[in-house]
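Below you'll find the structure, written out as structure tokens, and then a few comments.
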Amino acid sequence: TTLFRSPTTAVQSRRMADPPQLSPLSGAYLLIVLGEPFSEEHKQLIKNKIIQGLVSWDVSEIPVDISRELTVLTDCAPPGEEARGGERLIQFATENLVTEVLIHPQVNTLQQCMKNMLASFTKHRHIIHAGYTFAGQGSWILQDGTFSFDEFVGVFEEYDVQRVIRSYENSITTHLHCCQRGDWTQDNISKQPFAKLCQVSVNPESCIKETETINKFVNYLEPFLQPQSIQERLPPSDVVGNIRFSHPTLYVFPGGQGDSALFGINGFNMLIDGGFSRKACFWDFTRHLDRLDAIHITRLN
């Protein structure tokens, strides 16, 4: 039995004009979004944020035993699937809980998983973002771009999501755990149209104690959160000799949401931006230079 029930089909005696009935709400949906840590210290912060998100699971209001469900998941220990750029998606479903863990996801993956969760026939949705955010607007930093508060609000405006939350007005609860920067606050959430249809709480307080079950779940995820050293991210060149420019030269490297460019002239090399990707788009070429004289950053994303 899964939580993704299709609308009830009409029996033969029902008139063809009758609209299909929506599935009843049941169970919960857990979506965990994790960044790729750059250090052991950051990995520990990510683990702490996962725990912080899980201990707010209010067992008196959420009709799912989170300890039992996490035990089943941890015992199975699904490795998930690794995709482009180190993205990993772990999906696991029982009769009571759907769990999705996104590790270093791409923007499209997160948007689709967020839509699937908000459009599901579940009574409670639990979102934990444990990764990097921009200090100003608080946008989540993903593998190939960012996920802003406006994009989060936009998912609620999708037809399938609206269909569910309007049909079950004031019956759905959502807990959102993230860094409270920019618009990611309870006050701002309360001003959104969807807040009138379902209850959304930002970083609610702890309701249960940190248990051995939660620690085992975090330990199960830990092998997927190994930081790479700077030497692994930027391997040295194995070619003898360096590239030097005798005439003004410009190279442009595709770098996701923001290209990278290298300007070179005799005696002077300047890198403009670094792109937005897990692996530096400029490095395979730039590592053959004898030096960089300047790096010019035009924007932080």
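The values are calculated or read from the model by the stated rules, or taken from the named source; none is laboratory data. This structure is a prediction, so every number in the text was calculated from the model and none was measured. Counting neighbours? That spans all protein chains shown, and the Cβs are built from the backbone with ideal geometry, glycine included. Remember, those area values only see protein heavy atoms, side chains included, never the ligands or the DNA or RNA. Shrake-Rupley method; radii C 1.70, N 1.55, O 1.52, S 1.80 Å.
Quick rundown of the values:
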item	result
Condition broken by LEU197, with the remaining ones in (1) touching a Phe, Trp or Tyr at 6+ places or on another chain (Cβ under 9 Å); (2) free of Cβ contacts under 8 Å to residues at least 12 places away in the same chain satisfied	(2)
Matching entry among SER23, SER67 (being assigned to a helix (DSSP H, G or I) and more than 19 Å from ILE127 (Cβ to Cβ))	SER67
Condition broken by GLY255, with the remaining ones in (1) under 28 Å from ILE90 (Cα atoms); (2) in contact with a Cys (Cβ under 7 Å, 6 or more places away or on another chain); (3) at pLDDT 85 or above satisfied	(3)
The range 75-111, residues that are over 19 Å from HIS126 (Cβ atoms) and among the small types (Gly, Ala, Ser)	ALA77, ALA83, GLY85, GLY86
Residue in the range 21-41 that is open to solvent by 50 Å² or more (accessible area, probe 1.4 Å) and at pLDDT 90 or above present	yes
Qualifying positions in the range 60-79 - touching a residue at least 40 places away in the same chain (Cβ under 8 Å) and in contact with a strand residue (DSSP E or B) (Cβ under 6 Å, 6 or more places away or on another chain)	ILE62, VAL64, LEU73
Residue satisfying condition, being under 22 Å from ASP160 (Cβ atoms) and free of Cβ contacts under 8 Å to residues at least 40 places away in the same chain, within set LEU102, LEU89, LEU118	LEU89
Scan of the range 142-161 for residues that are in contact (Cβ under 8 Å) with a residue 60 or more places away in the chain and among the polar types (S, T, N, Q), ordered by number	GLN143, THR146
Hits in the range 42-51 (condition: over 15 Å from HIS129 (Cβ atoms) and open to solvent by 40 Å² or more (accessible area, probe 1.4 Å))	GLN44
Lone qualifier among ASN242, ASN266 - being touching a strand residue (DSSP E or B) at 6+ places or on another chain (Cβ under 8 Å) and more than 30 Å from VAL107 (Cβ to Cβ)	ASN242
Close pairs from the range 282-301: first under 30 Å from THR133 (Cβ atoms), partner of a type in the set (Asp, Glu) and open to solvent by less than 80 Å² (accessible area, probe 1.4 Å), Cβ under 8 Å, at least 6 apart	HIS296/ASP273; ILE297/ASP273; THR298/ASP273; ARG299/ASP273
Residue match in the range 82-89 (condition: surrounded by 14 or more Cβ atoms within 10 Å (Cβ to Cβ), touching a Gly at 6+ places or on another chain (Cβ under 7 Å) and more than 16 Å from THR211 (Cβ to Cβ))	yes
Count of the range 106-129 residues which are modelled with pLDDT of 95 or more, assigned to a loop (DSSP other than H, G, I, E, B) and not hydroxyl-bearing (Ser, Thr, Tyr)	3
